[in-house]
Amino acid sequence: MKKKRIATTSLAGCFGCHMSLLDIDERIFDLLELVEFDRSPLNDLKKFTRRCDIGLIEGGCCNEENVHVLREFRQNCDILVAVGQCAMMGGLPVMRNAIMHSDDPLRECLDEAFCTPKVLNPENQIPNDPALPLLLDKVYTCVDVVKIDYQIPGCPPSGETIWRALNALVKNEAPALEYDLIKYD
Ligand code: SF4
């Protein structure tokens, strides 16, 4: 069977979902019999070298760079999978969407993060280096931005869950995950 080509990225995520992928332990060797990795933090490849069969997305979109990368993945991957709660629902970063007391919620969020007495920042400066990607008005989930083919819930999904999903995808099957693999209460 021809190996599937996989790309992965972390948008507004914590890399926990990538760590969970590595939790498949020695099965990583079995996985490498089935797939080869293209653009991914796992191999530090920062650009697509060719079209991929599967793209795994960790994290939602909180800045313009996240949106750009997500769109690039949609353009370059046949199947796009949102992995984990941040990609599916926004995760912890989406808590800032609840800040809406003022006319300028983003400003209120930045003031809270950088300009309160709890923060050692005597000049009350908010980082504004041109190299920093611009923040979006709020955090968006992956499905808010592009079409997503499958979603794998969990924070993070277990290594077993990701393993089962990938095994189905490389066989061109839809992942049919048992309830125990996606139940977290
Ligand atoms: Fe990290 Fe959980 Fe978000 Fe995955 S879903 S990126 S583990 S916070």
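The values are calculated or read from the model by the stated rules, or taken from the named source; none is laboratory data. Source: prediction; values computed, not measured. Positions of Cβ are backbone-derived with ideal geometry, glycine not excepted, and every protein chain shown enters the neighbour counts. Calculation scope for accessible area: heavy atoms of the full protein, side chains included, ligands and nucleic acids excluded. Shrake-Rupley method; radii C 1.70, N 1.55, O 1.52, S 1.80 Å.
Scan segment 79-123 for residues that are within 16 Å of the ligand (Cβ to nearest atom) and charged (D, E, K, R) and report the count. The total comes to 1. Restricting attention to segment 86-105, the residues being hydrophobic (A, V, I, L, M, F, W, C) and at pLDDT below 90 number 3. Checking N66, N76, N43 one by one, the residue that is polar (S, T, N, Q), in contact (Cβ under 8 Å) with a residue 60 or more places away in the chain and more than 14 Å from Y140 (Cα to Cα) is N76 and no other. On the given criteria, is A168 out of contact with any helix residue (DSSP H, G or I) (no Cβ under 9 Å at 6 or more places or on another chain) and either more than 20 Å from E64 (Cβ to Cβ) or assigned to a loop (DSSP other than H, G, I, E, B) (or both)? Considered against the rule, which asks whether it is out of contact with any helix residue (DSSP H, G or I) (no Cβ under 9 Å at 6 or more places or on another chain) and either more than 20 Å from E64 (Cβ to Cβ) or assigned to a loop (DSSP other than H, G, I, E, B) (or both), A168 comes out as yes.
Considering segment 17-43, and only residues there that are over 27 Å from D144 (Cα atoms), open to solvent by 60 Å² or more (accessible area, probe 1.4 Å) and assigned to a loop (DSSP other than H, G, I, E, B), the residue that is farthest from the ligand (Cβ to nearest atom) turns out to be E26. Of the set (1) closer than 20 Å to D23 by Cβ; (2) without any contact (Cβ under 8 Å) to a residue 24 or more places away in the chain, all apply to A98 but (1). Considering only residues in segment 162-174 that are free of Cβ contacts under 8 Å to residues at least 60 places away in the same chain and either open to solvent by less than 70 Å² (accessible area, probe 1.4 Å) or over 24 Å from Q75 (Cα atoms) (or both), the one that is nearest to the ligand (Cβ to nearest atom) turns out to be R164. Of the residues in segment 91-105, at least one is on the phi > 0 side of the Ramachandran plot and within 22 Å of the chain's Cα centre (by Cα).
Of the helices (runs of 4 or more DSSP H) lying entirely inside segment 63-150, those carrying at least 1 residues that are within 30 Å of N167 (Cα to Cα) and open to solvent by 50 Å² or more (accessible area, probe 1.4 Å) are 64-76, 85-89, 142-145.
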